[in-house]
1. Taking 0.36 nm per residue of separation and subtracting the Cα-Cα distance, what length does fully extending ARG93 through ALA40 add?
2. Be a star and scan region 1-33 for residues whose amide nitrogen sits under 18 Å from the point 7 Å along the Cα-to-Cβ vector of ARG47.
3. Pick out, from VAL5, VAL90, CYS127, the residue whose Cα sits farthest towards the positive end of the charge dipole of region 2-138, with +1 on the Cβ of Lys and Arg and -1 on the Cβ of Asp and Glu.
4. Highest mean first, how do 74-85, 124-135 rank when packing is the count of other Cβ atoms within 10 Å averaged over residues?
5. What is the sum of charges around ALA83, taking Lys and Arg as +1, Asp and Glu as -1, for the other residues whose C-beta is under 14 Å from the C-beta of ALA83?
6. If each residue of separation counts as 0.36 nm, what is the full-extension length gain between GLU55 and ARG3 once their alpha-carbon separation is subtracted?
7. Given Cα positions, please report Rg to Rh for region 2-138, the hydrodynamic radius being the Kirkwood one.
8. At most 16 other Cβ atoms within 10 Å and a DSSP loop assignment: could you name the GluC sites (Glu not before Pro) in region 1-70 that fit?
Amino acid sequence: MRRIVALYGPPGSGKSTVVELAKRQGVEAHDAESFGASHAERVDGLRRALAGTDEGLVLIGAADLAPEEFPPGTALVLLLPPAAEHRRRVLNRGDARPHKGLRHAEQVHGEHAAMRHRFDIVVDYACSPEAVVAIITTGSSHV
């Protein structure tokens, strides 16, 4: 049986890092940003990624994809580090692109915090990417 996990979080929350670590651990994992720049390209990439096997775990870093764009039963995981930790991460990245900058990241952090009730698992504390992968692979927020 296939288990699909959609990984959400504001810019700088660690989605891409978790996806790369999961790949190195043998998990089928994709960053939606790699599917393309436009929303349509990302939806198309999601469909292609999910058209594969019916077995195992598939992790999608869901940048700009709505939960409704995933199949029913997809586990929704939110990375929401504490505001001060999130700010530190964004500033340390030094990414000058507007959609990766501090202002946008803080806005999205607030939006995600307001929607936290929509997620199956919320990781709202600072933890390592390894711990997040363990949470995703076990389905438990108590690792």
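Bear in mind that the values in this text are calculations on the coordinates, not laboratory data. Keep in mind the model is a prediction, meaning the values are calculated, not measured. We place every Cβ from the backbone using ideal geometry, glycine too, and count neighbours over all the protein chains shown.
1. Numbers: separation 53, 0.36 × 53 = 19.08 nm, distance 2.73 nm.
That pair, ARG93 and ALA40, stretches by 16.3 nm at full extension.
2. 32-33
3. Comparing the listed Cα positions along the dipole, VAL90 ranks first.
4. Details: 74-85: 17.8, 124-135: 16.2.
Result, highest mean first: 74-85, 124-135.
5. Numbers: positive: ARG87, ARG88, ARG89, ARG103, ARG116; negative: GLU85, GLU106, GLU111, ASP124.
Here the count lands on +1.
6. Details: separation 52, 0.36 × 52 = 18.72 nm, distance 0.75 nm.
Difference between extended and current length: 18.0 nm.
7. On the way: Rg = 14.1 Å, Rh = 15.0 Å.
Across region 2-138, the Cα-based Rg/Rh ratio is 0.94.
8. Numbers: sites: GLU20, GLU28, GLU33, GLU41, GLU55, GLU68, GLU69; in loops: GLU55.
The qualifying sites are GLU55.
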